[in-house]
Structures are given as C-alpha cells and as structure tokens.
1. Residues that are closer than 30 Å to Val145 by Cβ and modelled with pLDDT of 75 or more: which helices (runs of 4 or more DSSP H) entirely in the range 185-266 hold 3 or more of them?
2. Out of Arg156, Arg130, Arg138, I need the residue that is among the charged types (D, E, K, R) and closer than 19 Å to Met25 by Cα. Which one?
3. Consider Ile148 against the criteria (1) surrounded by 14 or more Cβ atoms within 10 Å (Cβ to Cβ); (2) farther than 20 Å from Ala214 by Cα; (3) out of contact with any Gly (no Cβ under 7 Å at 6 or more places or on another chain); (4) at pLDDT below 95: it satisfies all of them except one. Which criterion is unmet?
4. Does Pro141 satisfy being touching a Leu at 6+ places or on another chain (Cβ under 8 Å), crowded, with 18+ Cβ neighbours inside 10 Å and modelled with pLDDT under 95?
5. Would you tally the residues in the range 91-127 being part of a loop (DSSP other than H, G, I, E, B) and in contact (Cβ under 8 Å) with a residue 40 or more places away in the chain?
6. Taking the range 183-218 as the search range and keeping residues that are in contact (Cβ under 8 Å) with a residue 12 or more places away in the chain and hydroxyl-bearing (Ser, Thr, Tyr), which one is surrounded by the most Cβ atoms within 10 Å (Cβ to Cβ)?
7. Restricting attention to the range 9-28, which residues are at pLDDT below 90 and either assigned to a helix (DSSP H, G or I) or β-branched (Val, Ile, Thr) (or both)?
Amino acid sequence: MTVVQTPPPPLPVRDKAATRALSPMLTRLAEERATGVLLREHGTLYLAEGRVVHAESPLAPGLDVLLTAHGTLAAAAWQRAAARSAGPLQAAELLLEAGLLPAGALELCHLDALYDAGYFALAPSSAPGRFRYDNTPRIGPLPSVPVIALERETLRRRLLLHRLWPDPAADSAPLIRADPATAAPVTPRQRAVLDRVDGVRTAVGIARNLGRQAFHTLVDVRRLAAAGHVTPVTPAFTEPAPPPPPPVTDPDIALLKRLRDALEAL
C-alpha cells in the first residue's frame, strides 16, 4: 500500500486588488477553512476549520486572569489544570469537564478573552503575519467565532475609541492624573481605573491589575482623558505598548457596514 502525503495548501497571499479587509490573509484562511495558528506582531489567532477558537496577545489579560481575578475560579484550580494541559484553551475545557466552572461563566470569559486579544492581534503591524498549519486547534465545547465577526467587532472597537477621544497616546503611554478645570464626575468603574493611575502603569497594566479586559480599560482611559482627568506621559517603561490604531476614515465605516451585512447573511 502506497501512502501519498498531500502537502498543505499554499499560504494565502495578499491580493491588492481584493476588497479591503483588516487581514487579507485571515480572510483567505477563513475561506479555505484552514486549521492552524496565525502569528501576528501583536497577537496570535488559533483557527479550526476557518473559525477563530482562541486568541492570545501580550497586550490583553488571558483567560486565566479573567477567570481568577474576581473569584469565578480559584487560582490554584487553574494552575492545576494548566499543569495538565497543553494550553489555556485545553485547561479551560478540563475545568469544564470536571465541573469546576459553570458552563455559562466559562463561555462568557472565553469570548471576552478571545475578542479582547483578537482586537490587538488584528492591529496594524510592521511585519507580515505567519500561518502554521496545525491540527491541534479544534472546534471544542467552547464557542468559536467566524473570522468576519471578529473583524467586524475589531473595527467597531476602533471606531468607538476614535469617537470617545481621537488621540491614541493614552492607550500606550504611562498615565498621570491631570487637574481638570471642572471636576467632571466619574463612574465607580472609572474611579477604579483612576485610582491606579500612578505615572508608571499604562492602560494595559491597569487592566491586568484590575483583572479586566484591556479594551474596556482603554474605553475608560479615553473617557477619562476626554474629561481631563488623565494625560499620557512618555518616560521609558517595560510594558508592551498597544499599537496605535490607524486613523478612522470613511472607508473604515464602509467596511464595517459590509462586514455587518456579510455576517447577517451567514
């Protein structure tokens, strides 16, 4: 019996004539229902049958942080599961099978972590992405999302930040408190962020300290900046900085509408 090994299909290449997208490579991988790992400058996307099953970024707190920061899961329980698993997704599934986590809470945290890390992974980069075909990612018990849904949500988040406060400097620089001419009120959620502004922490550092999604912390920071409560500084620091989002243009809004229409047609 002769075994014929079929090589993996060629990696997608950028078609400059194609419809503008956040990641043409990712779009093509979705179309071919690829399974593997897409490594980009600011994060990693795990694909199974063309769907995103997991995402990681050094700029976003992981699933472990979101689960353990507020008592949903004991840190020791996560550590035990992680020691027996190949990665965070497998650790989460192990905890689910063992009945140590409510299914609804785990699914919600999983999607929160996926969209949060995916936002940074799809940020503009100075280096091309690399895809590794791999059968390890799979459609499991936790929800996966279509690529088009992740792209639509990422673009929606970019537009939201731009509308709140168009200057992206506060996203990545250490923050200091400002002295607004009028003391605009802050919400309890914003107060928690403001209390951690110390001239050293960035928005990403504050998110980790609070155990919150990084993007939601960016929203709070931009609102605080718009109200005059915080301002960015530029000393040297060691935390990875979120890449600045691209300027929002009319084509961005048109792309968001196309993604919305395509997703509704699925």
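The values are calculated or read from the model by the stated rules, or taken from the named source; none is laboratory data. Small disclaimer: the values here were computed from a predicted structure and weren't measured. We place every Cβ from the backbone using ideal geometry, glycine too, and count neighbours over all the protein chains shown.
1. On the way: elements: 188-194, 203-210, 214-226, 250-265.
Here the list reads 188-194, 203-210, 214-226.
2. Working: Arg156 fails: closer than 19 Å to Met25 by Cα; Arg138 fails: closer than 19 Å to Met25 by Cα.
None of the others qualify; the one that does is Arg130.
3. (4)
4. Working: touching a Leu at 6+ places or on another chain (Cβ under 8 Å): yes; crowded, with 18+ Cβ neighbours inside 10 Å: no; modelled with pLDDT under 95: yes.
In short, no.
5. First pass over the range 91-127, keeping only residues part of a loop (DSSP other than H, G, I, E, B): 98-102, 122-127.
Going one step further and asking which of them are in contact (Cβ under 8 Å) with a residue 40 or more places away in the chain, we end up with 122-127.
Qualifying residue count, the range 91-127: 6.
6. Looking at the filtered set, the residue picked out is Thr217.
7. Val13, Thr19
Condition check ((1) surrounded by 22 or more Cβ atoms within 10 Å (Cβ to Cβ); (2) among the β-branched types (Val, Ile, Thr); (3) under 18 Å from the mean Cα position of the chain (by Cα)) across all residues:
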position: Gln90; (1), (2), (3): no, no, no
position: Leu94; (1), (2), (3): no, no, no
position: Gly99; (1), (2), (3): no, no, no
position: Pro102; (1), (2), (3): no, no, no
position: Glu107; (1), (2), (3): no, no, yes
position: Tyr119; (1), (2), (3): yes, no, yes
